[in-house]
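The values are calculated or read from the model by the stated rules, or taken from the named source; none is laboratory data. For clarity, every value in this text was computed on a predicted model and none was experimentally measured. Quick reminder, even Gly has a Cβ in these numbers, built from the backbone with ideal geometry, and neighbours come from all protein chains shown.
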Amino acid sequence: MALSTLCLLLFLSLTGVINGAGNCSGSNTVSMDVNMLRGFTQEEYQKSIIDYWTPERIASARPMQPKIIRNGNIPFVKNHEDNEIERILTPSTILPDARVSTSPCVGRAFFTYGSLTYWCSGSVINASNMDTVLTAGHCVFNTTSKEWAKNFIFIPAYNNNSRPYGTF
């Protein structure tokens, strides 16, 4: 329970759901003042975000695509100038009957921008606080609208609305 609480607080603080000012109180210690919505305990507030993500909302979430800015076309064939070796980038293929084992360290992050629901992949990383999830920057901050993601949750080993390790 402590891990899930800390993980949720980390995401909420990064996504702007909870506003607070960070304070360093030592070389390895960081504290944060958390502002709660009036009338909510911390547990009630966290539960309200988890409850927001109904199976229907999760199913309607779309992958969050990054905004790609290019200065021209990227060629699919590149020549190595020194050895005159041609390198061809080949497309990926899906192997028939491929089996993939899931890991509790990898899952999906679900969040909202405005009224739209999105998801991105996320990975739990080994950090000293034991509750850090790594995801892409565009999944927590929209540089076009300049807004932080809201209603942010992480589901480890997510697959077709299953939550084998819970929701954080």
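Points to keep in mind about this one:
- Among the residues making up region 130-142, those that are closer than 15 Å to residue 105 by Cα and touching a residue at least 24 places away in the same chain (Cβ under 8 Å) are 130, 131, 132, 133, 135.
- Some residue of region 101-116 being among the basic types (Lys, Arg) and modelled with pLDDT of 90 or more: yes
- Within region 37-52, considering residues that are touching a residue at least 40 places away in the same chain (Cβ under 8 Å) and among the β-branched types (Val, Ile, Thr), the one surrounded by the most Cβ atoms within 10 Å (Cβ to Cβ): 49
- Picking from residues in region 131-149 that are among the hydroxyl-bearing types (Ser, Thr, Tyr) and surrounded by 11 or more Cβ atoms within 10 Å (Cβ to Cβ), the one that is modelled with the highest pLDDT is 135.
- Residues that are farther than 15 Å from residue 156 by Cβ, modelled with pLDDT under 95 and assigned to a strand (DSSP E or B), drawn from region 117-130: none
- The set of residues from region 59-100 being modelled with pLDDT of 75 or more and either assigned to a loop (DSSP other than H, G, I, E, B) or among the aliphatic types (A, V, I, L, M) (or both) comprises 59, 61, 64, 65, 66, 90, 91, 92, 93, 94, 95, 96.
- Residues in region 44-58 that are at pLDDT 85 or above and closer than 20 Å to residue 168 by Cβ: 44, 47, 48, 49, 50, 51, 52, 53, 54, 55, 57, 58.
Table: residues versus (1) more than 22 Å from residue 50 (Cβ to Cβ); (2) surrounded by fewer than 18 Cβ atoms within 10 Å (Cβ to Cβ); (3) touching a strand residue (DSSP E or B) at 6+ places or on another chain (Cβ under 7 Å); (4) among the polar types (S, T, N, Q).
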{"residue": "93", "(1), (2), (3), (4)": "yes, yes, no, yes"}
{"residue": "122", "(1), (2), (3), (4)": "no, no, yes, no"}
{"residue": "129", "(1), (2), (3), (4)": "no, yes, no, yes"}
{"residue": "151", "(1), (2), (3), (4)": "no, no, yes, yes"}
{"residue": "164", "(1), (2), (3), (4)": "no, yes, no, no"}
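- Residue match in region 138-151 (condition: within 20 Å of residue 59 (Cβ to Cβ) and either part of a strand (DSSP E or B) or touching a His at 6+ places or on another chain (Cβ under 7 Å) (or both)): yes
- A Cβ distance below 7 Å, combined with a sequence gap of six or more or placement on separate chains, defines the contacts here; from region 146-160, residues that are on the phi > 0 side of the Ramachandran plot reach residues that are crowded, with 17+ Cβ neighbours inside 10 Å and of a type in the set (S, T, N, Q) in the pairs 151/112.
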